[in-house]
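First the structure, in the form of structure tokens, and then the observations on it.
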Amino acid sequence: EVEDNPKYFWAITIKSSSKHIGNIKIDPINYDDLKGEYGILIGDKNFWGMGFAEESSIAVLNFCFKTLKLKQIELGVMTENSRAISLYKKIGFTIKKSNSKNHYRMIINQIS
């Protein structure tokens, strides 16, 4: 079965070596509401805290807002994941609500 909506999924690689260190996605996308769901994983802990998640996130969010013309991106994050929450807030996400005592929903409506 072919789906109507494309899925956007990218590898995060080191530019100088093409080493694959993680993935980033926007899926699913609701084109009626112009909203998408963001997800990222830097699987190689040796590359945590080096700015790769921030750089790739900004590039993907710019693509979402400027090329896809989405109005809002949302994500889910565990409340104890303070590093991720800090990154998301730095990029411009805000906490929308808490689905439970250990999970936040965060949103962003534009990238600065």
key: Hits in the stretch 10-21 (condition: assigned to a strand (DSSP E or B) and not polar (S, T, N, Q))   = TRP10, ALA11, ILE12, HIS20, ILE21
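Yes or no: LEU75 touching a Cys at 6+ places or on another chain (Cβ under 9 Å) and not β-branched (Val, Ile, Thr)?
Working: touching a Cys at 6+ places or on another chain (Cβ under 9 Å): no; not β-branched (Val, Ile, Thr): yes.
It is false that LEU75 is touching a Cys at 6+ places or on another chain (Cβ under 9 Å) and not β-branched (Val, Ile, Thr).
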request  = Report yes if some residue within the stretch 49-58 is open to solvent by less than 50 Å² (accessible area, probe 1.4 Å), among the hydroxyl-bearing types (Ser, Thr, Tyr) and on the phi < 0 side of the Ramachandran plot; otherwise report no.
outcome  = yes
Subset of the stretch 101-110 (residues that are surrounded by fewer than 18 Cβ atoms within 10 Å (Cβ to Cβ) and of a type in the set (Val, Ile, Thr)) = ILE107
key: Sole exception among (1) of a type in the set (A, V, I, L, M); (2) part of a helix (DSSP H, G or I); (3) open to solvent by less than 20 Å² (accessible area, probe 1.4 Å); (4) without any contact (Cβ under 8 Å) to a residue 40 or more places away in the chain for ILE24, by number   = (2)
query = Are any residues in the stretch 12-35 of a type in the set (Gly, Ala, Ser) and modelled with pLDDT under 95, and if so, which ones?
reply = SER16, SER17, SER18
ask   = Within the group SER82, SER57, which residue is small (Gly, Ala, Ser) and in contact with a helix residue (DSSP H, G or I) (Cβ under 6 Å, 6 or more places away or on another chain)?
value = SER57
Hits in the stretch 38-56 (condition: part of a strand (DSSP E or B) and either out of contact with any strand residue (DSSP E or B) (no Cβ under 6 Å at 6 or more places or on another chain) or among the hydrophobic types (A, V, I, L, M, F, W, C) (or both)) = ILE40, LEU41, ILE42
request  = Name every residue in the stretch 59-100 that is outside any helix (DSSP H, G or I), touching an Asp or Glu at 6+ places or on another chain (Cβ under 9 Å) and open to solvent by 80 Å² or more (accessible area, probe 1.4 Å), in order of residue number.
outcome  = LYS71, LYS96
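The values are calculated or read from the model by the stated rules, or taken from the named source; none is laboratory data. Computed from a predicted model, the values in this text were never measured in an experiment. Ideal geometry is used to build each Cβ from the backbone, glycine not excepted, and the neighbour counts take in all protein chains shown. These accessible areas exclude ligands, DNA and RNA; they are computed on the full protein's heavy atoms, side chains included. Shrake-Rupley method; radii C 1.70, N 1.55, O 1.52, S 1.80 Å.
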